[in-house]
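Participant: Take a look at this one; I'll ask things after.
The values are calculated or read from the model by the stated rules, or taken from the named source; none is laboratory data. The structure displayed is predicted, hence computed values, not measured ones. For neighbour counting, all protein chains shown are included, and Cβ atoms are generated from backbone atoms with ideal geometry for every residue, glycine included. The protein model used for the area step is the full one, side chains on, heavy atoms only, and it has no ligands, DNA or RNA in it. Shrake-Rupley method; radii C 1.70, N 1.55, O 1.52, S 1.80 Å.
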Amino acid sequence: MQKKWTKETVLEEGKKYSSRSEFKKKKSGAFRIAYMNGWLDEMIWLVRPTAKPIKWTKEAVFEESRKYSIVTEFMNNAVTAYTIAKKK
């Protein structure tokens, strides 16, 4: 028997999960209903705050580069800082 999803039941079901991807993977039907009705934005517990982008100043790039002993480590682990260092 197929479950009838209401806004309340979808929101309650969503509280069982820590991310949108986990909710979608484990309860795709409820996720689909929430997506179609625009309820996902109301599920703030499923949204992780995004990291604030780093302003790569000359000093910040140098500081980041000091963490690595060889250039390829810097290139592979801090791609943005490496790219900025290379450009400037």
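Participant: When the residues of region 53-68 are narrowed to those that are at pLDDT 80 or above, of a type outside the set (Asp, Glu) and open to solvent by 100 Å² or more (accessible area, probe 1.4 Å), which ends up farthest from Ala85 (Cα to Cα)?
Facilitator: Lys67
Participant: Name the pairs: first residue in region 16-27 and touching a residue at least 24 places away in the same chain (Cβ under 8 Å), second residue open to solvent by less than 100 Å² (accessible area, probe 1.4 Å) and aliphatic (A, V, I, L, M), Cβ to Cβ under 7 Å, at least 6 apart or on different chains?
Facilitator: Pairs that qualify, where the first residue is touching a residue at least 24 places away in the same chain (Cβ under 8 Å) and the partner is open to solvent by less than 100 Å² (accessible area, probe 1.4 Å) and aliphatic (A, V, I, L, M), are Tyr17/Leu46; Ser19/Leu46; Arg20/Leu40; Arg20/Leu46.
Participant: All but one of (1) within 30 Å of Ser19 (Cα to Cα); (2) modelled with pLDDT of 90 or more hold for Ile84; state the number of the condition that does not hold.
Facilitator: Going through (1) within 30 Å of Ser19 (Cα to Cα); (2) modelled with pLDDT of 90 or more one by one, Ile84 breaks only (1).
Participant: Something else about it: Out of the helices (runs of 4 or more DSSP H) lying entirely within region 21-88, which hold 1 or more residues that are more than 30 Å from Thr6 (Cα to Cα)?
Facilitator: Passing ranges, in order: 58-65, 71-77, 79-87.
Participant: When you check Thr50 against the structure, is it of a type in the set (Ser, Thr, Tyr), surrounded by fewer than 17 Cβ atoms within 10 Å (Cβ to Cβ) and at pLDDT 90 or above, yes or no?
Facilitator: Answer is no for this residue.
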